[in-house]
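The values are calculated or read from the model by the stated rules, or taken from the named source; none is laboratory data. What you are looking at is a predicted structure, and each value in this text was computed from that prediction instead of being measured. So basically every Cβ, Gly included, is an ideal-geometry build from the backbone, and we count neighbours across all protein chains shown. We work out accessible area using only protein heavy atoms, side chains counted, and drop any ligands, DNA or RNA first. Shrake-Rupley method; radii C 1.70, N 1.55, O 1.52, S 1.80 Å.
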Amino acid sequence: TVYWGNHGLLEGPYSKAGGKPDTIDTVENVFVKNPQAGEWKVEVIAREINKDARTESAEDDVDFALVVLGAKKSG
């Protein structure tokens, strides 16, 4: 099941499966009411990086924060 950030949150407090990438908002949320036990994958995708936040590295970098509640880190 794929949840794209903010999909379904205008209709209620929980995310709806599906949707599409949001290329405008800088804050994305996914709230799953009854998440199934098992392995979940969280990806952060930047469509465009307009300014390099870490000039000390050769790559274009961007700072971001990620919060995941109720999970255990694997590996």
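Cα-Cα pairs above 13 Å in the chain: how many percent?
The answer is 73 percent, as a whole percent.
Here the chain has 51 percent of its accessible surface on carbon and sulfur atoms, given a 1.4 Å probe and all protein chains in place. Taking a point 7 Å out from the Cα of residue 69 in the direction of its Cβ, the residues of segment 1-31 whose backbone N falls within less than 20 Å of it are 3-17, 27-31. Coupling constants for segment 29-39 follow from the phi torsions by the Karplus curve (6.51 cos²θ - 1.76 cosθ + 1.60, θ = phi - 60°), and in residue order they are 9, 9, 10, 9, 4, 10, x, 6, 5, x, 8 Hz; glycine and proline get x. Note on residue 16: lysines with a C-alpha under 21 Å away, same-chain residues under 8 apart excluded, are 33, 41.
Using DSSP to call loops (not H, G, I, E or B), can you name the chymotrypsin sites (Phe, Trp or Tyr not before Pro) in segment 5-73 whose Cβ has at most 10 other Cβ atoms within 10 angstrom? Those satisfying the criteria are 64.
The residues of the chain expose, per residue, 96 Å² of accessible area to a 1.4 Å probe. By a 1.4 Å probe calculation restricted to protein chains, residue 1 has an accessible surface near 140 Å², given to the nearest 10. Annotation note: GluC sites (Glu not before Pro) in segment 1-74 located in DSSP loop regions with a Cβ neighbour count of at most 10 within 10 Å are 11, 39, 43, 48, 56, 59. Bridgeable aspartates and glutamates around residue 73 (alpha carbons under 13 Å apart, same-chain partners fewer than 8 residues away excluded): 39. Taken one residue at a time, the phi angles of segment 52-61 give Karplus couplings (6.51, -1.76, 1.60, θ = phi - 60°) of 6, 7, 10, 5, 6, 9, 6, 7, 7, 10 Hz. Gly and Pro are set to x. Phi angles of segment 3-14 translate, via the Karplus equation with coefficients 6.51, -1.76, 1.60 and θ = phi - 60°, into HN-Hα couplings of 10, 8, x, 6, 5, x, 6, 7, 9, x, x, 10 Hz per residue; Gly and Pro are given as x. Amide H contacts of residue 3 (H built 1.01 Å from N, in plane; Pro and chain starts excluded): 18 sit under 5 Å, all sequence-distant by 5 or more or on other chains. Computed from the C-beta positions of residue 56 and residue 9, the FRET efficiency with R₀ = 30 Å rounds to 0.25.
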